[in-house]
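Have a look at the structure below, then the notes.
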């Protein structure tokens, strides 16, 4: 028994050391994971605010009697499609994030068409509710951009932590998260054509 005692002590020290080190890495991973989850919730909150404002905007615009019904329907349908997509923040894959981005881009596109169409309606352009909603939407778009940027920053910290060695050895349950990327074609400058004829 005396001969086995040093081996037993060494084994206990090794196993105990492994668990202490593992616990340290797990706690660090939990911290960066919670930060990434929180920033994702902020992204969803910003998009939710936009969706809520769109409902109010559509109701305000409906008041214009001869307003194009197809434009309003496009906004409502895009909003419904975007809100139908649910993503688990703990397991965001690039494909899920791309699908989410496409749906949100559809909302942005439909909303842009709506705001361009409004230019034809002088009464609507002077409606105080409409103007206030338009300002709030612009502010919300800035919040969305800020939230997405902060999310990407937190994902960078998270990915660096869980993918780095030796962390990766102790954090087998943690997977790399996807970043928000620009929409396809966003790298190209828009073509502006002022045709006053």
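The values are calculated or read from the model by the stated rules, or taken from the named source; none is laboratory data. Not measured: the values here are computed from a predicted model. Here Cβ is always computed from backbone atoms with ideal geometry, including for glycine, and neighbour counts include all displayed protein chains.
To keep it simple, each residue is scored yes or no on (1) under 13 Å from the mean Cα position of the chain (by Cα); (2) under 26 Å from residue 147 (Cα atoms).
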residue	(1), (2)
40	yes, yes
50	yes, yes
71	no, no
78	no, yes
85	yes, yes
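I'd like the residue in region 76-97 that is assigned to a helix (DSSP H, G or I) and touching a residue at least 60 places away in the same chain (Cβ under 8 Å) and, out of all such residues, is farthest from residue 133 (Cα to Cα). Steps first, answer last, please.
Taking region 76-97 and keeping what is assigned to a helix (DSSP H, G or I), we get 76-84, 89-91, 94-97.
Next cut, touching a residue at least 60 places away in the same chain (Cβ under 8 Å) only: 91, 94, 96-97.
Working: 91: 34, 94: 33, 96: 30, 97: 28 Å.
Across region 76-97, the extreme among qualifying residues is 91.
Mind counting the residues in region 117-131 that are in a helix (DSSP H, G or I) and touching a helix residue (DSSP H, G or I) at 6+ places or on another chain (Cβ under 9 Å)? Spell out the reasoning first.
Taking region 117-131 as the starting set, the residues that turn out to be in a helix (DSSP H, G or I) are 117-118, 122-125, 128-131.
Imposing the further condition that a residue be touching a helix residue (DSSP H, G or I) at 6+ places or on another chain (Cβ under 9 Å) reduces the set to 117-118, 124-125, 129-131.
So the count comes out to 7.
Tell me which residues, restricted to region 147-172, are assigned to a helix (DSSP H, G or I) and without any contact (Cβ under 8 Å) to a residue 60 or more places away in the chain.
Narrowing region 147-172 to residues assigned to a helix (DSSP H, G or I): 147-163, 167-170.
Result: 149, 152, 156, 159, 160, 163, 168, 169.
Just to check your reading of the model, which residue among 128, 134 is farther than 30 Å from residue 28 by Cα, over 16 Å from the mean Cα position of the chain (by Cα) and surrounded by fewer than 16 Cβ atoms within 10 Å (Cβ to Cβ)? Steps first, please.
On the way: 134 fails: surrounded by fewer than 16 Cβ atoms within 10 Å (Cβ to Cβ).
Just a single option satisfies the conditions, and that option is 128.
From the list 161, 121, which one is surrounded by 13 or more Cβ atoms within 10 Å (Cβ to Cβ) and modelled with pLDDT of 85 or more? Steps first, answer last, please.
Details: 121 fails: modelled with pLDDT of 85 or more.
So the residue among 161, 121 that is surrounded by 13 or more Cβ atoms within 10 Å (Cβ to Cβ) and modelled with pLDDT of 85 or more is 161.
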